[in-house]
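Student: Here's a structure for you.
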Amino acid sequence: MSRERTRTALVTGANRGIGLETVRQLDRAGLNVVLAARDRARGQAAARTLGSAHIRIEELDVTDAGSVAACARRLADDGVAVDVLVNNAGIYPTDAFFSLGEDTLRHALDVNLLGAFRTCQAFCPGMAERGYGRVVHVSSGLGALNGNVPSPAAYGISKAALNALTLVVSAAVPSSVKVNAVCPGWVRTDMGGRAAPTSVEQGADTVAWLARLPDSGPSGGFFRDRTRIDW
C-alpha cells in the first residue's frame, strides 16, 4: 500500500526540461505535484508522459501578476495548500552587454526575478502560517558574484538578482520555511543544448533534494550537487 501524500509541491515552467524532471522526482518521492505551465495544453501533454494520478495541471504565467493570483485562488478554493514552491521558469538571452536591448533585459528580469518574487508573495505567507515550507529558486552559477562576472549579461544579472531574492525571502519567513537557490549545472535541455555534460536527471536532483529538506536543513544557501557553493 502506498503511503498517504500529505505535501503538495508547485513547480513553475514545468512542461519540459528540469521543471518536468523535478515534477517526476517529487511525484516519485511521494508528493502531490502541481505542474504549472504558461500553456495548459503543453502542461497536459507533459503530464501524460509521467502517467501519475497525483499531478495537477495549472496554467500559470509568472510574468503576469493576475495569472499568479488566479492560480493561487484556484488552488485555495480547491483546498490545495502549496507546501513546496520550485521557481524553475526561466529564459536564457545570450546578448553581449553592448548589444543588449533594454526590452530584453526587462523581459529577463520579469521572468527570472519578478516571476519568483510574485510566486513567493503568493505562496510563502501560507507556508509561514502553517509552519512548514520549502522554496527552491533554480538559479545559475552564471549569476554568481564570487569569482565570476554574471554572464551572459541579461541572464547573469537576472540570476544574480534571483540569488539576492533568495536571501531576502529566507530572512522574511520563519525558520520552518527553508528558502534556497540551486545551480543545476549545464544541463542537456532545450536551453542547455545537446552538448551539455549534465543529464536532466542529475540537473533536477539537487532541486528535488532542496524541495524535501528535513526540518534541520539549511536555508538561505546556494547549492550545486547537494553541496553549498559561494554566491
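The values are calculated or read from the model by the stated rules, or taken from the named source; none is laboratory data. Just so it is clear, the model here is predicted, and its values are computed rather than measured. With ideal geometry, Cβ positions are generated from the backbone for all residues, glycine too; neighbour counts draw on all protein chains shown.
Student: Picking from Val177, Val168, which residue would you name as being buried (at least 21 other Cβ atoms within 10 Å of the Cβ) and under 19 Å from the mean Cα position of the chain (by Cα)?
Tutor: On the way: Val168 fails: buried (at least 21 other Cβ atoms within 10 Å of the Cβ).
After applying the criteria, what remains is Val177.
Student: Ok, one more. Quick one: how many residues across region 127-165 are out of contact with any helix residue (DSSP H, G or I) (no Cβ under 8 Å at 6 or more places or on another chain) and surrounded by 14 or more Cβ atoms within 10 Å (Cβ to Cβ)? Steps first, answer last, please.
Tutor: Looking only at region 127-165, we keep the residues that are out of contact with any helix residue (DSSP H, G or I) (no Cβ under 8 Å at 6 or more places or on another chain), and these are 127-132, 141, 146-147, 164.
Filter again for surrounded by 14 or more Cβ atoms within 10 Å (Cβ to Cβ), leaving 127-128, 132, 141, 164.
Here the count works out to 5.
Student: Consider Gly19 carefully, then state whether it is surrounded by 15 or more Cβ atoms within 10 Å (Cβ to Cβ), within 18 Å of the chain's Cα centre (by Cα), in a loop (DSSP other than H, G, I, E, B) and not aliphatic (A, V, I, L, M).
Tutor: Numbers: surrounded by 15 or more Cβ atoms within 10 Å (Cβ to Cβ): yes; within 18 Å of the chain's Cα centre (by Cα): yes; in a loop (DSSP other than H, G, I, E, B): no; not aliphatic (A, V, I, L, M): yes.
For Gly19, the condition - surrounded by 15 or more Cβ atoms within 10 Å (Cβ to Cβ), within 18 Å of the chain's Cα centre (by Cα), in a loop (DSSP other than H, G, I, E, B) and not aliphatic (A, V, I, L, M) - is not met.
Student: Now a separate question. Restricting to region 127-183, give me the number of residues that are of a type in the set (D, E, K, R) and under 19 Å from Thr22 (Cβ atoms). Write out each step before concluding.
Tutor: As a first pass, look at region 127-183 and keep what is of a type in the set (D, E, K, R): 129-130, 134, 159, 178.
Keeping just the survivors that are under 19 Å from Thr22 (Cβ atoms) gives 134, 159, 178.
The qualifying residues number 3.
Student: Looking at this structure, is Ala76 more than 22 Å from Trp231 (Cβ to Cβ) and part of a helix (DSSP H, G or I)?
Tutor: yes
Student: Residues in region 172-200 that are over 20 Å from Ala160 (Cα atoms), modelled with pLDDT of 95 or more and touching a helix residue (DSSP H, G or I) at 6+ places or on another chain (Cβ under 7 Å): how many?
Tutor: 3
Student: Please go through region 82-96 and pick out each residue that is part of a strand (DSSP E or B) and either of a type in the set (Phe, Trp, Tyr) or in contact with a Phe, Trp or Tyr (Cβ under 7 Å, 6 or more places away or on another chain) (or both). Explain how you work it out, then say what you get.
Tutor: Step one: filter region 82-96 for residues part of a strand (DSSP E or B), giving 84-87.
Hit for region 82-96 is Leu85, nothing else.
Student: Then there's this: Would you please list the contacts, defined by Cβ atoms under 8 Å and residues six or more apart or on different chains, that run from a residue in region 4-32 that is closer than 14 Å to Glu58 by Cα and in contact (Cβ under 8 Å) with a residue 24 or more places away in the chain to a residue that is part of a helix (DSSP H, G or I) and of a type in the set (Ser, Thr, Tyr)?
Tutor: The qualifying pairs are Leu10/Thr119; Val11/Thr22; Thr12/Thr119; Ala14/Thr22; Leu20/Thr49.
Student: Continuing with this model, one more query. Would you point out which residue out of Ala108, Ala69 is surrounded by 20 or more Cβ atoms within 10 Å (Cβ to Cβ), modelled with pLDDT of 95 or more and more than 30 Å from Pro214 (Cβ to Cβ)?
Tutor: Criteria check complete, one pass: Ala108.
Student: Any residue in region 119-147 that is within 22 Å of Asp64 (Cα to Cα) sitting within a Cβ distance under 6 Å of a residue that is among the aromatic types (Phe, Trp, Tyr) and crowded, with 24+ Cβ neighbours inside 10 Å? List the pairs, counting only those 6 or more apart or interchain.
Tutor: Hits for this filter: zero, empty list.
Student: Continuing with this model, one more query. For Ile91, indicate whether it is at negative phi and surrounded by 18 or more Cβ atoms within 10 Å (Cβ to Cβ).
Tutor: Values: at negative phi: yes; surrounded by 18 or more Cβ atoms within 10 Å (Cβ to Cβ): no.
When the stated conditions are applied, Ile91 does not pass them.
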